[in-house]
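What follows is a single structure, written as structure tokens, with notes after it.
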């Protein structure tokens, strides 16, 4: 019987045509980072990310102003899924750790935001979100210390216990956290500056929904900017080393545990922010909002997008938002009642997870990237052959 | 060491006359990814003989056995057992065709007891009489004492005896042995090879032995085959190879 | 004192169910090095099948047997079709596949049987026996639970110890390649192992449902408790899983019985116990080795 002693042992599969590993896609960025010359974006990583941020801001404004209020609220939903999925994909894709507990970490962020907004004179929103991030970071660090020594099924089981167990605290501390009913969230009003800005850009009415969609977009762009830089930095490379070459990394003097804890903490911070945004957008923090299905949906998003890829996490999150209405309508057409049809989306997530793992473990983005890189490598090899031969 | 008695209980005998080719390997080629481990290997293992395949680490010896028994699928070539083409047969079916493969690292199932290990070896035959187990214990009295102990408590030599005994319970026509001497004291190696010789001489068992320890292997084998980088370099009588100093220095390291 | 006895008794009865569920997880872990996170959902599916039969007028016992048989079939199909392609691959892939199965089956239950709470019958009474003039927390149903779990365990022991199939299954679990070389049809044994584990899981799902309400996610807590119990016992050891299940049952019963509003804390307590075990004795309570790398 094989006794795998590294979590994702065959993860160096980026150069093979058919990657075996779920995290194969995560190897690609490191390959790509060294060959930025061909891109139309600047060569410096930081500069390139800044340009991307600018484009993302402009794109968000255009997207939010040309779409109707309902789509605005869907995009707000997308932002909190994508923030959490971004953190999770860094953890799972780069560091090789799985977490089913990110729903619970989002709950930490959401309850923190809800509690702070209950004050008669709540402090400024950015501050509230920052505190939510910090709270989730602390909880994440605690979990991370335990998680650092585990991997694979053990880690999955432990974080599963977290996802099932933590919402129970909201029921236990009924008086503060509102029990089953949860806490209603009084979403802050859009500031005047925002109204002026919207009036100047598009002339649309600057509703509360629109404001929250912008808050979500800003948080999303900020999070991805920070994560993308982290991934490309020495820290990101060390994470990949910890994942792929556990023994070698340890021999090279890398403290595996500390790096795993760091990854979990960073990832928890993102989940906390996502939770805060979620509380604002759905105006409620309740145990029913943070079921196991939430954690598993996030997992679906990052698996589908390709573990380790932020773009993949974003696309996967878009699926979480836009697929349910679509399949629910489909179910209704097939004669299912509303509650039954609502279950079609999780059913699809489950099937997608299975099918993706069996047929395309590198995920959607990862598979496309690998094909592209393989193609490029072949082209280059052919070119080298013909030039040396001629 | 107790005298083996009764000649048919352990080894069924091949029914093939001694000296004729029982196992034929023809142009066998196999690879792990881009690395070609076997490159057109052709050899015969004769009935009632010990055929030793020798060569350095990485010569392809283990891959040869694994490809013969179907654990590795060949890219080209054929394996015939007593004339029957078994190249594409399932691994699980090999033992009932009369081929027992004792893998590298001996293949004791550590969590089971000695007795259970033996019983696994005869599972495919349905019910097997107690006398057959007793005979294996007669041949290897050292493991008889430990029959109810977990197999992971055995020493290396005892493990080797256990897996050979287990293979015998399958009543094989040919026994494939992968590095039986690995990690054993010379005295134990001599004892095990001596037993092997007896089984071949008295009961008509045929053995295809893969060994890095060429000196010991040639001392017990009838025929020696030297493998280098996946290709057969020499096939000859073991005695002749033993005498060829140049060959020994070049390929066998003694 | 009487309260202590009652809390202990109900803890032991619950613990029997956790033990059975943990045992099912261990059976699969031993043979394929996979933790089947879909086990709870699979068991829930069979419980809903049983309930549909009972609602259609069949007796509890017919429903029980059909549920266990469908568990067997479901387990076999799952292993053969979904798990086989990821067996022996990276462990993360297998984890994700069982999680996907978990979500898919749970959603499918809701689509087919609805999401509402439905009451599940028990064939025996739920009134405690009377000792002297006090009623203790031991009911005919709890005797049924204890009895059926003990019988199941005895049957499993008999299968693994005394039958040729049991030996072949153990050989396949501990030495896949060697077993194949010895002519054991390892693939079939693994399928059989998953099928049997699903039967045991299904039994625990029906037992915990008895006299309670079921809904698609009703096994979510049990999958956590079963996992914690299995880890307590070392994840590799069937005996450990049973002892771990009983210990966890007791511990959670004390939490819910003695702490104010403790029933809300049961899941949190399971989390805390798991964390402590994984940090202090990662090999389980009975392990001699400390490191857990696989």
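Averaging sequence separations of C-alpha pairs under 8 Å and six or more residues apart, then dividing by the length of segment B:21-252, give the relative contact order as a whole percent.
On the way: 453 pairs, mean separation 68.5, N = 232.
For segment B:21-252, the relative contact order is 30 percent.
Just how far, in whole angstrom, is segment B:191-216 from segment A:369-384 if you go by their alpha carbon centroids?
Using only Cα atoms to place each centre, the spacing works out to 52 Å.
Where a ≥ b ≥ c are the square roots of the eigenvalues of the C-alpha gyration tensor, would you call the protein assembly as shown rounded, which needs a/c under 1.5, or, failing that, prolate if a/b is larger than b/c, or oblate? Don't skip to the answer; put the middle values down first.
Values: a/c = 2.51, a/b = 1.47, b/c = 1.71.
It comes out oblate by the Cα gyration axes.
If I stretch the segment between residue A:196 and residue A:53 completely, what's the gain in nm (0.36 nm per residue apart, minus their alpha carbon distance), one decimal? Provide the component values of the computation, followed by the final result.
Values: separation 143, 0.36 × 143 = 51.48 nm, distance 2.28 nm.
Result: 49.2 nm gained on full extension.
What FRET efficiency comes out for residue A:46 versus residue C:115 if R0 is 45 angstrom and r is the Cβ-Cβ distance? Round to the nearest 0.05.
0.35
According to the square roots a ≥ b ≥ c of the eigenvalues of the Cα gyration tensor, what is the shape class of segment C:104-238, taking rounded for a/c under 1.5, prolate for a/b larger than b/c otherwise, and oblate for the remainder? Working shown, then result.
Values: a/c = 2.67, a/b = 1.58, b/c = 1.69.
The shape class here is oblate.
Could you tell me whether segment C:66-168 comes out rounded, prolate or oblate from its Cα gyration tensor? Rule is a ≥ b ≥ c as square roots of the eigenvalues, rounded for a/c under 1.5, then prolate if a/b exceeds b/c, otherwise oblate. Numbers along the way, then the final one.
Details: a/c = 2.80, a/b = 1.48, b/c = 1.89.
Judged from the Cα gyration tensor, segment C:66-168 comes out oblate (a/c at least 1.5, b/c at or above a/b).
Once every DSSP H run of n ≥ 4 in chain B is given -39500 (n - 2.57) and the sum is divided by its residues, what mean residue ellipticity at 222 nm do you get, rounded to the nearest 500 deg cm²/dmol? Don't skip to the end; give the middle numbers.
On the way: 9 runs with 79 residues, N = 254.
Helix contribution divided over all residues of chain B: -8500 deg cm²/dmol.
Kindly rank A:202-211, C:95-104 from highest to lowest mean number of other beta carbons found within 10 Å of each residue.
Working: A:202-211: 15.8, C:95-104: 26.6.
Listed from highest to lowest mean packing, they are C:95-104, A:202-211.
Express in nm, to one decimal, how much length is gained between residue A:329 and residue A:62 on full extension, taking 0.36 nm for each residue of separation and deducting their alpha carbon distance. List each step's numbers first, then the result.
Numbers: separation 267, 0.36 × 267 = 96.12 nm, distance 2.80 nm.
Once the chain is fully extended between residue A:329 and residue A:62, it gains 93.3 nm.
Please average, across the residues of A:141-151, the number of beta carbons from any other chain that are within 10 Å of each residue's own beta carbon, and give a whole number. Can you show the working numbers first?
Numbers: counts 0, 1, 2, 0, 2, 6, 2, 0, 6, 5, 6.
Mean partner-chain Cβ count within 10 Å for A:141-151: 3.
Summarise the long-distance tail of P(r) for segment C:2-218 by giving the % of C-alpha pairs beyond 23 Å. Before the final figure, lay out the partial values.
Values: 11667 of 23436 pairs.
Value for segment C:2-218 (Cα pairs over 23 Å): 50 percent.
Order by neighbour count: C:35, C:228, B:108, fewest other Cβ atoms within 10 Å first, most last. Please report the intermediate quantities before stating the final value.
On the way: C:35 27, C:228 31, B:108 23.
Starting with the residue having the fewest Cβ neighbours, the order is B:108, C:35, C:228.
Which distance in nm do the two modelled labels at residue A:176 and residue B:229 give, with both placed 7 Å along the Cα-to-Cβ direction?
For the pair residue A:176/residue B:229, the computed spacing is 7.3 nm.
How many partner chain Cβ atoms sit within 10 Å of a residue's Cβ in peptide B:117-125, on average, as a whole number? Display every interim value, and only then the final one.
Working: counts 5, 0, 4, 13, 6, 3, 10, 5, 1.
Mean shielding count: 5.
Given the -39500 (n - 2.57) contribution per DSSP H run of 4+ residues, what per-residue ellipticity at 222 nm results for chain C, rounded to the nearest 500 deg cm²/dmol? Present the calculation step by step, with values, prior to reporting the outcome.
On the way: 11 runs with 202 residues, N = 294.
About -23500 deg cm²/dmol.
Please compute the length gained on full extension between residue B:215 and residue B:20, using 0.36 nm multiplied by the number of residues separating them and subtracting their Cα-Cα distance.
Values: separation 195, 0.36 × 195 = 70.20 nm, distance 2.54 nm.
Residue separation times 0.36 nm, minus the Cα-Cα distance, leaves 67.7 nm.
Give me the distance in nm between label points sitting 7 Å out from Cα along the Cα-to-Cβ direction at residue B:130 and residue B:185, one decimal.
Distance between the two pseudo-spin positions: 3.4 nm.
As I understand it, the value is the acute angle between the Cα axis of helix B:156-168 and the longest principal axis of the Cα atoms of chain B; what does it come to in degrees, rounded to 10?
90
Helix B:130-139: angle to the longest alpha-carbon principal axis of chain B, degrees 0 to 90, nearest 10?
Here the helix axis deviates by roughly 60 degrees.
Cut-off 10 angstrom, C-alpha nodes, Gaussian network model of chain A. Which of A:200, A:239, A:259 fluctuates the most?
Per the Cα network of chain A with a 10 Å cutoff, A:200 tops the list.
Over chain A, calculate the relative contact order: mean separation of alpha carbon pairs under 8 Å at least 6 apart, over the residue count, as a percent. Don't jump to the answer; show the numbers that get you there.
Details: 631 pairs, mean separation 122.9, N = 390.
Computed value for chain A: 32 percent relative contact order.
For chain A, what does the helix formula give at 222 nm: sum of -39500 (n - 2.57) over DSSP H segments with n ≥ 4, over the residue count, nearest 500 deg cm²/dmol? Could you put the intermediate results ahead of the total?
Details: 18 runs with 281 residues, N = 390.
My calculation for chain A gives -24000 deg cm²/dmol from helical runs alone.
Could you give the angle, 0 to 90 degrees to the nearest 10, between helix B:186-203's Cα long axis and the longest principal axis of the Cα atoms of chain B?
That helix lies at roughly 80 degrees to the long axis.
Could I have the simple spin-label model distance between residue C:177 and residue B:147, label points 7 Å from Cα toward Cβ, reported in nm to one decimal?
3.0
Could you work out the relative contact order of chain C? I mean the mean sequence separation of Cα pairs under 8 Å and 6+ apart, divided by the number of residues, in percent. Each step should come with its number before you reach the end.
Working: 461 pairs, mean separation 100.3, N = 294.
In percent, rounded to a whole number, it is 34.
Coordinate-derived values only; no laboratory data. Given the structure is predicted, the values throughout are model-derived calculations rather than measurements. Don't worry about glycine lacking a Cβ; one is built from the backbone with ideal geometry, like all the others, and counts go over all protein chains shown.
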